[in-house]
Amino acid sequence: QVQLVESGGGLVQAGGSLRLSCVASGSGFSFYSVEWYRQAPGKQRELVAGITSGGSRNYADSVKGRFTISRDNAKNTVYLQMNSLKPEDTGVYYCSTYSHPRHWGQGTQVTVSS
């Protein structure tokens, strides 16, 4: 059983940066693809970025060139570096394993002020 804990969220001004971390406990994390999702108030949860066990990455068009996903398997951690933040990036950010069933963290709040 994998458990995920996100951290690193906070309040930042537009144009600022944050780095989110997703730390996993349990075995086999390095074999999972991992995804970051976000959910803004009143909106559906949306995929932000994903990384495979081999390190291949994909991004939503809205964050390409600004966000970078990476992983450190020795630390059982996946990161989301977020630069040039915009108010529309505000939301709760969740990490999840791409698996059946999915494992989800509790989320971390990101608020970008204009």
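Each reported figure results from applying straightforward, stated rules to the coordinates on display, with no laboratory input. Just so it is clear, the model here is predicted, and its values are computed rather than measured. So basically every Cβ, Gly included, is an ideal-geometry build from the backbone, and we count neighbours across all protein chains shown.
In the stretch 20-54, which residues have a backbone nitrogen under 14 Å from the label point lying 7 Å from ARG102's Cα in the Cα-to-Cβ direction?
33-40, 44-51
Compute the FRET efficiency between SER27 and VAL5 as 1/(1 + (r/R0)^6), taking r as their Cβ-Cβ distance and R0 = 25 Å, and round to the nearest 0.05. Let's see the in-between values first.
Working: r = 16 Å, r/R0 = 0.64.
Efficiency, rounded to the nearest 0.05: 0.95.
Under 5 Å between amide hydrogens, which residues at least 5 positions from LEU85 or on another chain qualify, with H placed 1.01 Å from N in the peptide plane?
GLY15, GLY16
Can you compute 3J(HN,Hα) from phi for each residue in the stretch 10-23, using the Karplus curve 6.51 cos²θ - 1.76 cosθ + 1.60 with θ = phi - 60°, rounded to whole Hz and x for Gly and Pro?
In residue order, the calculated couplings are x, 9, 9, 7, 4, x, x, 9, 9, 10, 8, 10, 10, 9 Hz.
Taking the Cα centre of the stretch 1-72 as origin, work out the dipole magnitude from +1 charges on Lys and Arg Cβ and -1 charges on Asp and Glu Cβ, in debye rounded to 20. Mind dumping the intermediate values first?
Values: 8 positive and 5 negative charges, 33 e Å.
The calculated dipole for the stretch 1-72 is roughly 160 debye.
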